[in-house]
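Peer 1: What follows is a single structure, and I will ask about it in a moment.
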Amino acid sequence: MQIEYKKEYSYHLGREVEYKRYGHAGKPILVFPSQDGDCNQYEEFGMVDVLSDYIEQGRLQLFCVGSIDKESWSDLNGNPRYRIEMQEKWYNFIANEFVPRIQDISWRSDIIVTGCSMGGAHAGILFFRRPELFETLISLSGMFDASMFFGDYKDDLVYNNSVVDFLKNMPWNHPYLDIYRKRNIIICIGQGAWEEELLPSNRELAHILYEKQVPAWTDFWGHDVAHDWYWWKLQIRYFMEHLDI
């Protein structure tokens, strides 16, 4: 398997950002790590191995980027405005610098965006804010309500990064709704250990998409399915086999 490690400067973040590319050809997948993770995490927890046949056959190529969660979502005692400003800078780096980089490298624009846990949250935020950039969303055990990390603090940027808040207020004539309807949307979460806090926003998102007449595969796995890499490996393989790759 071809693996490339790169470090490139981000204008929006004002620093170098690491990423890894797995594969040489095929449909590109933008992969976000779980909370505080780096670009090596997907490989370290066996997710790359699960998709290795797709990668080696030139059907998929993964672009795994690190996070700055420690400066944004995870810094619960930090200044909330600074934290959400860092999240916004990172969002702009991904949308306006990293996604175009993926398009340049892969010569393709049919990008899948995915992640587990906090990575699933990032995937959802990016997809629902910029649906024109992606073909498919696969969010596994994601979070879609920013109040889980920001509590009662609310401002314009927190709102923009809280999927259930901006989606439920999206007017019927908003052009994004038609784009969503043409995309593959997969939202999956278990109902077992360590998923309890995440289930309400997943259920709310499923309800909002239904109300907005946006087709989506919202899949709630069993009460034995935990917030854990074992299950995420099963889930990513399961959903990839249902996509046209």
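The values are calculated or read from the model by the stated rules, or taken from the named source; none is laboratory data. Please read all numbers here as calculations on a predicted model, not as lab measurements. When we count neighbours, we look across all protein chains shown, and the Cβ atoms used for this are built from the backbone with ideal geometry, even at glycine.
Peer 1: Only one of (1) assigned to a helix (DSSP H, G or I); (2) surrounded by 22 or more Cβ atoms within 10 Å (Cβ to Cβ); (3) in contact (Cβ under 8 Å) with a residue 40 or more places away in the chain is not met by Ile179, so which one is it?
Peer 2: Checking Ile179 against (1) assigned to a helix (DSSP H, G or I); (2) surrounded by 22 or more Cβ atoms within 10 Å (Cβ to Cβ); (3) in contact (Cβ under 8 Å) with a residue 40 or more places away in the chain, the one that fails is (2).
Peer 1: Additional query: Can you give me the number of residues within segment 127-158 that are buried (at least 24 other Cβ atoms within 10 Å of the Cβ), of a type in the set (A, V, I, L, M) and within 14 Å of the chain's Cα centre (by Cα)?
Peer 2: Within segment 127-158, residues that are buried (at least 24 other Cβ atoms within 10 Å of the Cβ), of a type in the set (A, V, I, L, M) and within 14 Å of the chain's Cα centre (by Cα) number 4.
Peer 1: Do we have any residue at all in segment 1-24 that's over 22 Å from Arg183 (Cβ atoms), of a type in the set (Lys, Arg), surrounded by 17 or more Cβ atoms within 10 Å (Cβ to Cβ) and at pLDDT 95 or above?
Peer 2: Within segment 1-24, the subset over 22 Å from Arg183 (Cβ atoms) is 1-24.
Those still in the list that are of a type in the set (Lys, Arg) too: 6-7, 15, 20-21.
Imposing the further condition that a residue be surrounded by 17 or more Cβ atoms within 10 Å (Cβ to Cβ) reduces the set to 20-21.
Applying the additional criterion that residues be at pLDDT 95 or above yields 20-21.
Within segment 1-24 (the criterion being over 22 Å from Arg183 (Cβ atoms), of a type in the set (Lys, Arg), surrounded by 17 or more Cβ atoms within 10 Å (Cβ to Cβ) and at pLDDT 95 or above), the answer is yes, since at least one residue qualifies.
Peer 1: Here are the criteria: (1) of a type in the set (A, V, I, L, M, F, W, C); (2) exposed (fewer than 15 other Cβ atoms within 10 Å of the Cβ); (3) closer than 30 Å to Ala25 by Cα. Tell me which single one Ala121 does not satisfy.
Peer 2: Among (1) of a type in the set (A, V, I, L, M, F, W, C); (2) exposed (fewer than 15 other Cβ atoms within 10 Å of the Cβ); (3) closer than 30 Å to Ala25 by Cα, the lone unmet condition for Ala121 is (2).
Peer 1: Filtering segment 182-197 down to residues that are touching a helix residue (DSSP H, G or I) at 6+ places or on another chain (Cβ under 8 Å) and hydrophobic (A, V, I, L, M, F, W, C), which residue is nearest to Arg129 (Cα to Cα)?
Peer 2: Going through the qualifying residues, I end up with Ile185.
Peer 1: On to the next question. With respect to Asp75, is the statement that it is in contact (Cβ under 8 Å) with a residue 12 or more places away in the chain, touching a helix residue (DSSP H, G or I) at 6+ places or on another chain (Cβ under 6 Å) and surrounded by fewer than 17 Cβ atoms within 10 Å (Cβ to Cβ) true?
Peer 2: Numbers: in contact (Cβ under 8 Å) with a residue 12 or more places away in the chain: no; touching a helix residue (DSSP H, G or I) at 6+ places or on another chain (Cβ under 6 Å): yes; surrounded by fewer than 17 Cβ atoms within 10 Å (Cβ to Cβ): yes.
Against the criterion (in contact (Cβ under 8 Å) with a residue 12 or more places away in the chain, touching a helix residue (DSSP H, G or I) at 6+ places or on another chain (Cβ under 6 Å) and surrounded by fewer than 17 Cβ atoms within 10 Å (Cβ to Cβ)), Asp75 does not qualify.
Peer 1: If you check Leu60 against the conditions, is it in contact (Cβ under 8 Å) with a residue 60 or more places away in the chain and surrounded by fewer than 15 Cβ atoms within 10 Å (Cβ to Cβ)?
Peer 2: Numbers: in contact (Cβ under 8 Å) with a residue 60 or more places away in the chain: yes; surrounded by fewer than 15 Cβ atoms within 10 Å (Cβ to Cβ): no.
Answer is no for this residue.
Peer 1: Just a yes or no: is a residue in segment 124-131 out of contact with any Cys (no Cβ under 8 Å at 6 or more places or on another chain), more than 30 Å from Asp228 (Cβ to Cβ) and of a type outside the set (Lys, Arg)?
Peer 2: So in segment 124-131, the residues out of contact with any Cys (no Cβ under 8 Å at 6 or more places or on another chain) come out as 124-131.
Now narrow it down to the ones that are more than 30 Å from Asp228 (Cβ to Cβ): none.
The answer is no, given that none of the residues of segment 124-131 is out of contact with any Cys (no Cβ under 8 Å at 6 or more places or on another chain), more than 30 Å from Asp228 (Cβ to Cβ) and of a type outside the set (Lys, Arg).
Peer 1: Separate question: For segment 194-208, does any single residue satisfy the condition of being surrounded by fewer than 14 Cβ atoms within 10 Å (Cβ to Cβ) and touching a residue at least 60 places away in the same chain (Cβ under 8 Å)?
Peer 2: no
Peer 1: Still on this model: Starting from segment 82-96, take each residue that is of a type outside the set (A, V, I, L, M) and list its partners that are at pLDDT 95 or above and in a helix (DSSP H, G or I), counting only C-beta distances under 6 angstrom and pairs at least six apart or across chains.
Peer 2: Qualifying pairs under 6 Å: Glu88/Leu157.
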